Amino acid sequence: MTIWHDMQAAGLIHCGCVLLNGEVQHSCFPAESKKQLAVAKQALMYVFRSVDKSDKDYDEAHIEIGDALFSGFKLDSDRLLIFLSEHDTNTLQIRQFIDDNKERFLQL
Amino acid sequence: MKDYKILFTGSVCSGKTTAIRSVSDIETLDTDAQASDVTVRRKKNTTIAMDYGVLDLNDDTRVHLYGTPGQERFRFMWDMLTSEFAHDAIGMVLLVDNTRKDPFRDIRFYAKEFGDYLRQRRLIIAVTHSDVEPSPDYNRYLSELKGLGVMTTVMFVDARDPRAILGVIEELISAVEREIDWDKVSDRLLDTNGFSLDFYKPLYEETLLDAAMNKRGVLGAMHLGDAHDVLCSNIDDASVKTLLLNIDRLTGAISDKASFMGAVNNVVLAGPDVDTLSVFNDQNQALCLRSDKAISLPVLKQQASDLLQWSIENDYMA
Ligand SMILES: Nc1nc2c(ncn2[C@@H]2O[C@H](COP(=O)(O)OP(=O)(O)OP(=O)(O)O)[C@@H](O)[C@H]2O)c(=O)[nH]1
């Protein structure tokens, strides 16, 4: 069982990936969601670049678009976790899952 | 005497007070406060505690009608009503204001908030203000509710019309009471209560910023226009302002470039030690909020949709 499966089984996400310095390091986005992933990646990286410029400590961003929710969580200064889920997903539970499994994500 | 109870809920202005008043045989107890001391500018009065009325169906049957306050900041009363006063109600009526930007979002919100309560009783969705805004129509409600997996009755009513509200009550009560002469009740109500379909005149007394600042947990707000211009703002921190403006621009860009995904509804930024920042988009405007980090996302969304609703109407009035 991968960590993505765990999250899917818990009903938290549809798919997810880890970006290392902006490059996809590990992903469970299926091929047909390539376009979505590209949008999510660009948008969330833009958000976190703006956050860096503002010098504020935001490590979590959610973009609700149509019926989907793209979430980005900063794992450390180089790594960004990206998820695609339902627009009304409980983001607190995703946050909790990440906090509880941080090491597993860092090892991906 | 047989006593039944029904609980009415719904967003601000959906018509709860009006509905209960239109059929009540007693002077209704409503704990409305004047606009001056509350957040409203859309209307003069808002319910701060609860509405209560009684309707006699015949000599030994009556219904007690309870209404929740609409504003989210009085939600402590929701618990009190569901666990005390109306804990044994036979059904709940969710009044949905059809002029709201997204009435289905309201339904999702209330269905979730009252989820446990609704497990044991019937829900009726009563759509109000459809004389002002006919769309979404009945069929749209049915298909949307089917999609949500909510099995319930939908009725289009005018909360000011006792016959319409009585119809809703009949829908709930007739399942358990077969002896009621509903026509007789209706005639009696029209004789005594009468009704007037005066079109309500909204009172705009506060600005969007004032209204925003009165929402729970809101620390600052900024209203952006069509061209990403700042219409008004009380967010002083320049870097927060820039960040919000950048995000607003991003939402425009995504909606343009990735239109296959639908429009960007909102963007929320959070962190362990910082205020939550959010940008909510509407067709021709955006609302940015700086909120306490303890405010949950669903509550934030509900607050923003209330506020955007008001501001559009305000522009329309201007
Ligand atoms: N045109 C029209 N007006 C309605 C309808 N139903 C209610 N109203 C009007 O809408 C306004 C608001 O109704 P209220 O009964 O005060 O709303 P409420 O849900 O009790 O609001 P809160 O107490 O603030 O939660 C009143 O002026 C009513 O007359 C309707 O179906 N059509």
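What follows is calculated from the coordinates using simple rules that are stated; it is not laboratory data. Computed from a prediction, not measured in an experiment: that's the story for all the values here. Glycine also receives a Cβ, built like all others from the backbone with ideal geometry; neighbour counts cover every protein chain displayed.
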Revision key, fill the gap. Going from the fewest other Cβ atoms within 10 Å to the most, one would list A:Cys17, B:Cys13, B:Cys232 as B:Cys232, A:Cys17, B:Cys13
Review point. Which whole number gives the average, over all residues in B:111-122, of C-beta atoms from other chains lying within 10 Å of the residue C-beta?
Key: 0
Check your understanding: Just going by the charge dipole of segment B:89-153, with Lys and Arg at +1 and Asp and Glu at -1 on Cβ, which of B:Tyr141, B:Met151, B:Tyr110 is farthest out on the positive end?
Key -> B:Met151
Exercise for review: Report ³J(HN,Hα) in whole Hz for each residue of segment B:134-151, in order, from the Karplus equation J = 6.51 cos²θ - 1.76 cosθ + 1.60 where θ = phi - 60°; Gly and Pro get x.
Suggested key: x, 10, x, 8, 3, 5, 4, 4, 4, 6, 5, 5, 4, x, 7, x, 9, 9
Check your understanding: In peptide B:268-280, how many Cβ atoms from other protein chains are near each Cβ within 10 Å, on average?
Key -> 5
Review point. What is the total of Lys pairs in segment A:3-106 with C-alpha atoms under 18 Å apart, excluding same-chain pairs fewer than 8 positions apart?
Key: 4
**Study point:** For A:52-59, mean number of other protein chain Cβ atoms within 10 Å
**Key:** 6
Exercise for review: Return a single number: how many Lys pairs in segment B:208-316, at a sequence separation of 8 or more or on separate chains, have alpha-carbon atoms below 21 angstrom apart.
Suggested key: 6
Practice item. Calculate the translational D of the protein assembly as shown in whole µm² s⁻¹ from Stokes-Einstein, where the hydrodynamic radius comes from the Kirkwood formula applied to all Cα pairs, the temperature is 37 °C and the viscosity 0.692 mPa s. Key: 141
Check your understanding: Once a ≥ b ≥ c are taken as the square roots of the eigenvalues of the Cα gyration tensor of segment A:3-106, is the result rounded (a/c under 1.5), prolate (a/b larger than b/c) or oblate (a/b not larger than b/c)?
Key -> rounded
Review point. Normalised by the residues of chain A, what does the relative contact order come to in percent, with Cα pairs under 8 Å and at least six apart?
Key: 30
Review point. Exposure proxy check: B:Ser22, B:Ser305, B:Ser239 ranked by fewest other beta carbons within 10 Å?
Key: B:Ser239, B:Ser305, B:Ser22
